[in-house]
Amino acid sequence: MANPVVSFAALFLFYIFQQSNASYNVITFGAKPDGKTDSTQPFLKAWSAACSSASPSIIYVPKGRYLLKETVFRGPCKNKITVQIDGSLVAPTDYRALGNSGYWILFIKVNRVSVFGGTLDARGRWLMGLPEICQSMHLVINGCNNVLVRNVRAIAPDLSPNTDGIHVQVSTGVTITGSTLQTGDDCISIGPSTRNMLMSSIKCGPGHGISIGSLGKDVNEGGVENITLTNSIFSGSDNGVRIKSWARPSNGFVRNVVYQNLIMNNVRNPIIIDQNYCPNNQGCPRQSSGVKISQVTFRNIKGTSATPEAVKFDCSSSNPCSGIRLQDIKLTYMNKAATSSCKNIGGTSSGVIMPQSCV
Ligand SMILES: *[C@@H]1O[C@H](CO)[C@@H](O)[C@H](O)[C@H]1NC(C)=O
C-alpha cells in the first residue's frame, strides 16, 4: 500500500509547485514581436513583476523579434526567476542607441536566475572597424559565483575585433559546457581573480582559442586558480590553449590548471604560454612578467598544427614557469612531427610526447 501513497504525495507536491509559479508574458506588458517597436519598457515591467513576486516566477517571451535597447535587469529579487525565450531579442541597428554603457543586456545583483532558449541578435556589424567600442564580447561573467553556461552558441565573423565568445573574470565556480564558439577573438577568455572553473565539450574556432589572460597588466592583480578544460575540439583557431601575460611587474599568478582530452584541427599555436605580451613595446619597463605560472598539466592533446611550432613555452625570466606537466601529446605539422620551444620553464614529461618535449 505504500507506493500509491507515495505517488499521490509526489503528485500533490508537483501540483503545489506548478500552482506556485507566477508567469509573466512580455506581450501582456506591451512588448511587440515585430522587431521594430521598442520593447525595452515592457520587458522591464515584466522583470519588476517577476522580481517582486514572492513565489518562483517565469518571464515568457513568445516567438517573434523584440527590439531591446540598453536593458538592465536589476536584483535582488524575492524568489527564483526563469526567463523562457522562444523568440529573438534584437539590438538597435545603430549601436549609438546603446550609448557608452558597455553592454546591451545586463543582469546585475541577481541570484537564482535562469535564462533558457532564444536567439540574441546583437547586430554587431556596426562595430566592425570600431574596436574602441566596448560592446564587443558576447557573454561576460564578471563578479559572479556558481554560473552554469550550457549549450550556448556564439557566432561572430572571423576577423571581427575583440568579439570574445565568453569572458570570465572575478568569478568563482563558473561551468561552461556543450558550447560552440565561433568568434573573431578568444572563444573563452579568463581574466584576473577567477577560481574553480570547469570547461567541457567546447567547440572552438574560428577564433583565438581558449585563453587565460591577458594577465598582469596591473601590479596588484588577483590570480587565476583551479581551472579545468576537458573533452574539447579546436578547429582552425589561432591558438588552442594559451596562457598570456604582460611583460610587466605584477603579483598575479596562474596555478592548478588542467588541459586534457583535446583535439586540435589545423590550429596555429595548439599549446602556448606567452609571458612577453607588450603591444607596441610600450609600458613594459623590465620586459619580464611578474605573473607566476605553476602546476599546469597538458594531458592527451592530439591533432594538427597549422605552423611548424606546435608547442611554445615563453615564460618569464624573473618568474619562471614551474610544475608544467606534459603527458601524451601528439601534434603533427603537415604529417610530420611539429617542433616545440621552451624558455624559463621547469616541469616533467611522460607518455608519448610529440613534438619532442623541451620541458
Ligand atoms: C576546483 O574546481 C572544481 C570545479 O571545476 C571544484 O569542484 C573543486 O572543488 C575545486 N577544487 C578546490 C580545491 O577548490
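Computed from the coordinates by the stated procedures, all read-outs in this text should not be read as laboratory data. A quick note: this is a predicted structure, and the numbers were derived from the prediction, not measured. Here the Cβ is made from the backbone with ideal geometry for all residues, glycine too, and neighbour counts use every protein chain on show.
Among VAL267, VAL168, VAL258, which one shows the highest mean-square fluctuation when the chain is modelled as a Gaussian network with alpha-carbon springs under 10 Å?
VAL258
When Rg is the radius of gyration of the Cα atoms in the stretch 137-359 and Rh is its Kirkwood radius, what does Rg/Rh come to?
0.94
Which three numbers, in whole Å and largest first, are the semi-axes of the equivalent ellipsoid of the stretch 21-123 derived from its Cα gyration tensor as √(5λ)? If you can, show how the numbers build up before the last one.
Numbers: eigenvalues 94, 48, 24 Å².
Its equivalent ellipsoid spans semi-axes of 22, 15, 11 Å.
With point charges of +1 on the Cβ of Lys and Arg and -1 on the Cβ of Asp and Glu, referenced to the Cα centre of the chain, which listed residue (LEU159, ILE243, VAL149) lies farthest in the positive direction of the dipole?
VAL149
Report, in debye and to the nearest 20, how large the dipole of the chain comes out about its Cα centre when Lys and Arg carry +1 and Asp and Glu carry -1 on their Cβ. Please report the intermediate quantities before stating the final value.
Details: 33 positive and 19 negative charges, 77 e Å.
The dipole of the chain has a size of about 380 debye.
Which of MET334, MET264, MET137, MET197 has the fewest other C-beta atoms within 10 Å, and how do the rest follow up to the most? List each step's numbers first, then the result.
Working: MET334 9, MET264 30, MET137 20, MET197 24.
By the 10 Å Cβ count, ascending, the order reads MET334, MET137, MET197, MET264.
Assuming 0.36 nm per residue, please report the length gained on full extension of the stretch MET334 to ARG125 beyond their Cα-Cα distance.
Working: separation 209, 0.36 × 209 = 75.24 nm, distance 3.55 nm.
So the chain would gain 71.7 nm between MET334 and ARG125.
With charges only on Cβ, +1 for K and R and -1 for D and E, what is the dipole size of the stretch 68-117 about its Cα centre, in debye, rounded to 20? The partial results should precede the final answer.
Numbers: 7 positive and 3 negative charges, 70 e Å.
Approximately 340 debye in magnitude.
What are the ³J(HN,Hα) values, in whole Hz, obtained from phi via the Karplus relation 6.51 cos²θ - 1.76 cosθ + 1.60 with θ = phi - 60°, for each residue of the stretch 35-40 in sequence order, with x given for Gly and Pro?
x, 10, 7, 5, 9, 4
Defining a contact as two alpha carbons under 8 Å apart and six or more residues distant in sequence, what relative contact order in percent does the stretch 229-268 show?
Working: 44 pairs, mean separation 29.0, N = 40.
Answer for the stretch 229-268 is 73 percent.
Of the residues ASN226, ASN239, ASN280, which exhibits the maximal mean-square fluctuation in a Gaussian network model of the chain defined by a 10 Å Cα contact cut-off?
ASN280
How large is the charge dipole for the stretch 150-278, taken about the Cα centre, if only the Cβ atoms of Lys, Arg (+1) and Asp, Glu (-1) carry charge, to the nearest 20 debye? Before the final figure, lay out each step's value.
Numbers: 10 positive and 9 negative charges, 45 e Å.
With only Lys, Arg, Asp and Glu charged at Cβ, the dipole is about 220 debye.
Under the Karplus relation 6.51 cos²θ - 1.76 cosθ + 1.60, θ = phi - 60°, what is the ordered set of whole-Hz ³J(HN,Hα) values for the stretch 206-220, x standing for Gly and Pro?
x, x, 9, x, 9, 10, 9, x, 6, 10, x, 6, 9, 5, 9
Beyond 27 Å between alpha-carbons counts as too far, so tell me which of LYS45/LYS80; LYS78/LYS203; LYS203/LYS336 fall in that bin. Walk me through the intermediate numbers first.
Numbers: LYS45/LYS80 17 Å; LYS78/LYS203 37 Å; LYS203/LYS336 25 Å.
The pairs that break the limit, which is 27 Å between Cα atoms, are LYS78/LYS203.
³J(HN,Hα) across the stretch 136-146 via Karplus (A = 6.51, B = -1.76, C = 1.60, θ = phi - 60°), whole Hz, x for Gly/Pro?
Running phi through 6.51 cos²θ - 1.76 cosθ + 1.60 with θ = phi - 60° gives 10, 6, 6, 9, 10, 10, 10, x, 10, 10, 6 Hz.
Please give the length that would be gained between THR175 and LEU106 if that part of the chain were fully extended, namely 0.36 nm times their separation in residues minus their C-alpha to C-alpha distance (nm, one decimal).
Details: separation 69, 0.36 × 69 = 24.84 nm, distance 1.94 nm.
Additional length available on full extension: 22.9 nm.
Relative to 2.2 N^0.38 Å, what does the C-alpha radius of gyration of the stretch 77-126 come to as a ratio? Two decimals please.
Numbers: Rg = 13.2 Å, N = 50, 2.2 N^0.38 = 9.7 Å.
Working it through for the stretch 77-126, the quotient is 1.35.
Compute the Rg/Rh shape ratio of the stretch 271-359: radius of gyration over Kirkwood radius, all on alpha-carbon atoms. Walk me through the numbers before you get to the answer.
On the way: Rg = 13.9 Å, Rh = 13.7 Å.
Value, to two decimals: 1.02.
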